[in-house]
Amino acid sequence: MAKIPHAGIDMYRTDYECKFAEVVGATGARAFALGRQALVILLKAMGVKEGDRIGVCSFTCLSVVEAVKVCGAVPVYLDIDETLCISPDEILKHRPGSLRAVILQHTFGNPGKLDRLLAACSEILAEVIEDCAHALGCSWQDKALGQFGVAAIYSFQWGKPYSTGQGGMLTVNSKSLLARVDEEIARWAVP
């Protein structure tokens, strides 16, 4: 385990977390008992607050919606296209600033029309969170999925391609967001 001093407490990062971040090309990774816990901590670290609107895939797991609601945010369902991922046109129906973030679900490991999805999120000023529950090991244009947004969530529940029975992982793509994630973990985790 790697010892990381943080905010007056000692947090330990496991070799598993360090190796996971390395494998997916992320700045850092944090393990959770459930993928939905990872999403709650991420949303809190991003500063999502009550009333913020978060775009979610209309063909998604209830756990994603529950995590959004736990933060007091409002899930906004975005229709899918033939890829079973969010349609870029659905994102563009929203005015700039109306969605705080969009959770781009890579359904069954398929990134959908990722170039258009990223452009649409940028156009409406929505941060991108990647839902990689089915996408560990998948890539787009020679880059691992999970590297295109501010962060990615993974679920290792028994129905996922990579399963530990339960569990989840959060990966982030910036040191500043990783520090805020660690602050939220310290705030909410029971010793």
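Entry remark, region 114-159: residues being without any contact (Cβ under 8 Å) to a residue 60 or more places away in the chain and not hydrophobic (A, V, I, L, M, F, W, C) number 12 in total. Do the conditions hold for residue 159, that is, is it more than 21 Å from residue 26 (Cα to Cα), small (Gly, Ala, Ser) and open to solvent by 40 Å² or more (accessible area, probe 1.4 Å)? Against the criterion (more than 21 Å from residue 26 (Cα to Cα), small (Gly, Ala, Ser) and open to solvent by 40 Å² or more (accessible area, probe 1.4 Å)), residue 159 qualifies.
Scanning region 127-156 for residues that are charged (D, E, K, R) and crowded, with 24+ Cβ neighbours inside 10 Å, we see that the one that is farthest from residue 34 (Cα to Cα) is 130.
If you check every pair at least six apart or on different chains, which have Cβ atoms under 8 Å apart with a residue in region 50-63 that is farther than 12 Å from residue 103 by Cα and in contact (Cβ under 8 Å) with a residue 60 or more places away in the chain first and a residue that is open to solvent by 50 Å² or more (accessible area, probe 1.4 Å) and among the charged types (D, E, K, R) second? If the second residue must be open to solvent by 50 Å² or more (accessible area, probe 1.4 Å) and among the charged types (D, E, K, R), the pairs left are 63/36.
Taking the listed residues 86, 91, 124, 103, the one that is surrounded by 20 or more Cβ atoms within 10 Å (Cβ to Cβ) and more than 20 Å from residue 62 (Cβ to Cβ) is 91, with no other qualifying.
Take residue 39 and tell me if it is under 23 Å from residue 156 (Cα atoms) and surrounded by fewer than 15 Cβ atoms within 10 Å (Cβ to Cβ). So residue 39 does not fit the description; no.
The values are calculated or read from the model by the stated rules, or taken from the named source; none is laboratory data. What you see is a predicted model, and the numbers here were worked out from it, not measured in a lab. As a convention, Cβ positions derive from the backbone with ideal geometry for all residues, glycine included, and neighbour counts pool all protein chains shown. Side chains are part of the model used for accessible areas, which takes the heavy atoms of the whole protein and leaves out ligands, DNA and RNA. Shrake-Rupley method; radii C 1.70, N 1.55, O 1.52, S 1.80 Å.
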